[in-house]
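The values are calculated or read from the model by the stated rules, or taken from the named source; none is laboratory data. Given the structure is predicted, the values throughout are model-derived calculations rather than measurements. Cβ sites come from the backbone with ideal geometry, for glycine too, and all protein chains shown count toward neighbours. Note: accessible area is taken over every heavy atom of the protein model, side chains too, but ligands, DNA and RNA are not part of it. Shrake-Rupley method; radii C 1.70, N 1.55, O 1.52, S 1.80 Å.
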Amino acid sequence: MSAVLSTKNLVRRFGGLVATNDVTFSLPAGARHALIGPNGAGKTTFVNLLSGVLPPTSGQVFLDGQDVSDWPVFKRARNGLSRTFQINQLFADFTPLETIGLALSEAHAEGAQFWRRAGTSKTIVDEAVSILEQLDLGDVMEHRVGSLPYGKQRLLEIAIAVAPKPKVLLLDEPAAGVPEGEREQILEIVEALPKEMALVLIEHDMDLVFRFAKTISVLVQGALFVEGPASEVARDPRVRQVYLGESEVEQHLGGAA
Amino acid sequence: MIDTALHATTGGESRAMAWFAERAKWRWPEFALWIAAFALAFVFPSRSALFNEVAILALFALSLDIVLGYAGIVSLGHGAFFGLGAYVAGLLAKAGGGAGLYSDPTFGLLVAAAVCGFVGYLTSFLVLRGADLTRLMVTLGVALIFAELANRMAWLTGGADGLQGVLPGKILGLVEFNFMHPEYAYLYSLSVLFILFIVARKVINSPFGVSLRAIKGNALRAGAIGINVNRRLNGAYTMGAAYAGVAGALLAQTTAFVSLDVLEFHRSADVMLIVIFGGVGTLYGAIVGAAAFKLLYDLLAAATPQYWQFWLGLILVLLVLFVRGGIMGLVSGLYARMTGKGETP
């Protein structure tokens with residue numbers, strides 16, 4: 001299967017720290033992939049490199065076979081690469097309706113139109129409402145985003161990224177900070193996304209990861225450690241060691257200090 | 001907000017269409033403001049010179065509100081475009097000698113808008129290179145360069161003596177500016193302000209305008225949904241520059257004079273104060289702020305000729321500290337209470 005998103009020898013350094021270390025990675029269309037790893041493994045840095053928030057120190061990123069390494073965020077987004085953020089990045093003064101309307105008008109290349117009132121395109125408004133209803137935001141669509149409960153804001157964070165129907169969606173800890181009872185809903189929404197959309201989930205909650213993912217990559221200290229089908233990765237003794245070993249190392253460090 | 005009755009009877013789509021329509025709707029205080037503004041010319045024709053200054057200042061403030069309040073670009077040199085517009089219109093009117101196309105006031109406005117828009121477009125690339133502090137410095141620097149150029153090019157601008165012989169023709173070929181009737185000049189400036197306000201209001205409520213608010217709200221997210229942030233900001237800055245140019249052109253035409261004063265720093269600073277005073281990113285804040293600023297200035301200067309700056313400063317400081325969103329913040333709070341459509345908690 002051809003890769004919809006891939007990287008080649010991707011490296012990102014912050015001073016002396018190598019946050020992403022020579023990662024060569026490939027994501028087929030329609031993937032259900034999870035990216036896991038201990039704290040500080042460089043998962044978010046990797047997502048920032050993929051989405052263009054950070055430029056790589058060296059190496060390349062390919063989207064649909066095209067080298068997009070020096071493309072800015074907006075250009076990658078326009079070409080089908082969407083993402084959510086670990087910390088909500090929303091427009092607090094907007095309503096969910098306006099937010100999704102905006103995302104859709106950009107996706108339809110109508111965002112620069114300055115001589116018609118926003119909300120006059122029935123196609124966009126209808127589409128926005130249907131997305132909001134799918135993501136359980138229908139009843140709060142005219143409320144101010146900043147005053148919504150956290151769980152709803154988290155859903156909106158996903159809705160913005162899903163609205164343009166991307167080819168690849170990077171979900172950076174979508175359930176972070178969401179109370180236990182509402183995590184299930186987020187997982188259901190992610191599971192219901194179109195089959196052809198390639199999904200990358202970054203998550204700490206292993207129950208979520210193993211329920212969702214067909215394939216898993218494990219990042220350790222910026223490098224790809226193990227990669228493969230979820231069932232194999234789950235059994236891999238090295239992976240167990242990394243997760244167990246981490247706490248052991250911490251104990252050792254704690255003891256030495 | 002939409003009535004609950006509407007909720008129950010119609011589906012999400014029509015509710016959504018209605019929400020968008022409701023938001024952009026003209027409200028009665030808006031009509032009242034404009035009717036009052038036009039009525040002033042007939043009720044107090046003798047004070048029209050002052051009203052004319054307010055209208056011009058309001059347009060200038062409106063132009064900065066587009067740049068600061070919507071595009072989120074902090075500019076301390078917006079006066080550059082005001083001054084450039086004034087000189088363009090002044091030189092045109094001088095060249096025309098009171099008749100013909102060059103002296104036609106409408107033509108003067110269009111050329112001033114085009115020249116300032118073009119210069120604004122070019123400088124927007126410089127301005128957008130940096131973050132806030134850099135932008136402040138670049139805008140300030142550009143304004144200083146313009147002021148010094150106007151000073152040095154005395155053969156063209158008249159230098160420190162000012163530009164003499166500015167003779168604007170008849171407005172739309174019909175009415176002549178007349179110092180015995182300052183209300184003509186006021187009605188002319190106010191009409192231009194009104195038309196450009198409607199245009200700005202339409203642009204702000206368009207998808208382009210929504211994307212500007214999005215960029216100001218969260219540039220990272222705006223980029224992540226595919227908005228070419230810098231290109232949108234280039235557009236907004238260009239529009240703001242063109243508007244400022246028209247304001248400058250109005251001053252040149254209605255006073256038949258241009259001096260180096262149009263490019264002085266205090267204009268950029270005053271207009272920034274006015275926008276903050278009136279309420280950033282509200283459009284009406286520019287108009288109300290300009291009126292309040294001029295009125296206060298007049299009252300205080302008459303009451304305490306020596307200390308008016310102290311009182312003006314004090315009022316500004318108190319307003320900024322204790323009233324969120326300037327005068328418009330106060331007004332919209334009151335309006336929400338009166339109509340029972342309380343703000344979202």
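Put a plus charge on the Cβ of each Lys and Arg, a minus charge on the Cβ of each Asp and Glu, and nothing anywhere else: the dipole of chain A about its Cα centre is then about 740 debye.
Other residues within the sphere of radius under 15 Å centred on the Cβ of B:ASP270, judged by their own Cβ, net out at -3 (K and R +1, D and E -1). In a reduced charge model with +1 at each Lys and Arg Cβ and -1 at each Asp and Glu Cβ, the range B:45-265 shows a dipole moment near 880 debye about its Cα centre.
Expressed as an acute angle from 0 to 90° and rounded to the nearest 10, what is the orientation of the C-alpha long axis of helix A:150-162 relative to the principal long axis of chain A? The answer is roughly 80 degrees. Note on chain B: with a GNM built from Cα contacts shorter than 10 Å, the maximum mean-square fluctuation among B:MET272, B:MET239, B:MET153 falls on B:MET153.
Could you state the angle between the C-alpha long axis of helix A:122-134 and the longest principal axis of the C-alpha atoms of chain A, as a value from 0 to 90 degrees rounded to the nearest 10? Roughly 50 degrees between the two axes. Of all lysines in the structure, the ones whose alpha carbon falls short of 21 Å from that of A:LYS122, not counting any fewer than 8 places away in one chain, are A:LYS165, B:LYS25, B:LYS202.
Sites listed here are chymotrypsin sites (Phe, Trp or Tyr not before Pro) in the range A:41-95 whose DSSP assignment is loop and whose Cβ has at most 11 other Cβ atoms within 10 Å, and the list is empty. Charging the Cβ of each Asp and Glu at -1 and of each Lys and Arg at +1, and nothing else, the dipole of the protein assembly as shown about its Cα centre rounds to 880 debye.
Beyond 32 Å in Cα-Cα separation lie the following of the pairs A:LYS214/B:LYS216; B:LYS94/B:LYS216; A:LYS43/A:LYS152; A:LYS75/A:LYS214: A:LYS214/B:LYS216; B:LYS94/B:LYS216. Given springs between every Cα pair under 10 Å in a Gaussian network model of chain A, which of A:LEU17, A:LEU90, A:LEU156 has the largest fluctuation? Comparing A:LEU17, A:LEU90, A:LEU156 in the GNM, the peak value goes to A:LEU17.
Within 10 Å of the Cβ of each residue in A:126-133, the mean number of Cβ atoms contributed by other protein chains is 3.
Partner shielding of A:76-85 amounts to 3, given as the average count of beta-carbon atoms from other chains within 10 Å of each residue beta-carbon. Counting heavy atoms of the protein chains alone, B:THR282 has an accessible area of about 50 Å² for a 1.4 Å probe. Counting Cβ atoms of other protein chains within 10 Å of each Cβ in A:96-108 and taking the mean gives 5. Model label sites at B:ASN178 and A:GLU191, defined 7 Å from Cα along the beta-carbon direction, differ in position by 8.2 nm.
Between the listed residues A:PHE210, A:GLY42, A:ALA128, the Cα displaced farthest toward the positive end of the dipole of chain A, a dipole computed from Cβ unit charges relative to the Cα centre, is found at A:GLY42.
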